[in-house]
Amino acid sequence: MGVRKRLFLGLLSAALLILAGSLVYVWLTLFKQGSSVLRFLSGLAVLAVLVVLSVVGIGFVGIVISLLSERNIRLLEKPMNFTVAVLYPVVIRLGKMFRIAQDRIQRSFVEVNNQLVRARKTRSAEGRLLLLLPHCLQGSECTRRVTANPDNCLRCGRCSVGDLLNLGDRHGVPLRIATGGTLARQAVRETGPLAIIAVACERDLTSGILDAIPLPVLGVTNERPFGPCHNTTVNLEAVEKAILFFKERRD
Ligand code: SF4
């Protein structure tokens, strides 16, 4: 497993340990309370949290096994998704405490997510794919309203949007360009995909992947030669590889 993936996994383990330790501490503290009614009620609350933590723990084991074996454990898919959703905010807080740059954690998360999606080997999503792009791929001088309708692009070759449209056409994959999470969610609602290929920066990919759970999303990080959010570009080969992965027949 690559060093990058280990960062997210390490923080995920730490988050789980901290939550479990806090639960034990709270339980021991409450147990010393004098009133038996209070002890009973707090015992119930601790039990409920314990159930949630057990599911998170099972999901965590599923993630580790899946990453190490590069195989999916179908039975554990839901707990794995639940674990990521519950522990991700704790992971980010921990990263802040240890002064780890947020984009390093997010890059690590995207890699972990991509490997988990590849391990899932879901059935072919041909005909039900969506290619979701960020608005910053469009050339800053271009006045075409491609977010309203990507077909407004003239495919003039001055930015990656035209090339990505050609790629989408070749593989029969619709493409949407979103300026933010709301438009991205709307695109997903309207197209009803079985799987998504998303291009964005680490931050937007992370929130998009978390938002889309349980839909599988392969994230491709954009390249930012002129800094963030401005005339960005993307490795077309990486996008095509992601499309081919979802189109592959495995049934
Ligand atoms: S390819 Fe040309 S027309 Fe299309 S978005 Fe880029 S600059 Fe605009």
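Taken together, the values in this text are just the output of simple stated rules run on the coordinates, not laboratory data. Fair warning: this is a prediction, and the values are worked out from it, not measured in the lab. Neighbour counts are summed over all protein chains in view; Cβ atoms, including those assigned to glycine, are modelled from backbone coordinates with ideal geometry.
Structure values in brief
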| quantity | calculated |
| --- | --- |
| Under-5 Å amide H pairs with Asn235, H placed in peptide plane, nonlocal only | Glu223 |
| GluC sites (Glu not before Pro) restricted to DSSP loop in region 69-158 with at most 14 other C-beta within 10 Å | Glu70, Glu141 |
| 5 angstrom amide H check on Ala178, placed H, neighbours 5+ away | Leu133, His135 |
| Pair Leu194, Phe40: separation of 7 Å Cα→Cβ label points (nm) | 5.3 nm |
| Extension gain (nm, one decimal) between Ser13 and Thr182, 0.36 nm per residue minus Cα-Cα | 57.7 nm |
| Percent of beta bridges antiparallel (DSSP, the chain, rounded to nearest 5) | 5 percent |
| Largest to smallest principal axis extent of the C-alpha atoms in the chain, angstrom | 75, 42, 34 |
| Karplus-derived HN-Hα couplings along region 69-84 (A = 6.51, B = -1.76, C = 1.60, θ = phi - 60°), whole Hz, x at Gly and Pro | 8, 6, 10, 9, 10, 3, 4, 9, 4, 5, x, 5, 4, 4, 4, 4 |
| Acute angle (nearest 10 degrees) that the helix 236-247 long axis makes with the longest principal axis of the chain, alpha-carbon atoms | 70 degrees |
| Cα pair count fraction exceeding 22 Å, expressed as % - region 5-87 | 36 percent |
| Label point distance in nm, Glu240-Glu223, each placed 7 Å from Cα along Cα→Cβ | 1.5 nm |
| Nearest 10 degrees, 0 to 90: helix 102-120 Cα axis against the chain principal axis | 80 degrees |
| Extension gain from Ser124 to Ser140, taking 0.36 nm per residue of separation minus the Cα-Cα distance | 2.2 nm |
| In the chain, lysine pairs closer than 19 Å at Cα, eight or more apart or cross-chain | 4 |
| C-alpha long axis of helix 3-31 to longest principal axis of the chain, angle in ° | 30 degrees |
| Over region 122-247: Kirkwood hydrodynamic radius from C-alpha pairwise inverse distances, Å | 14.3 Å |
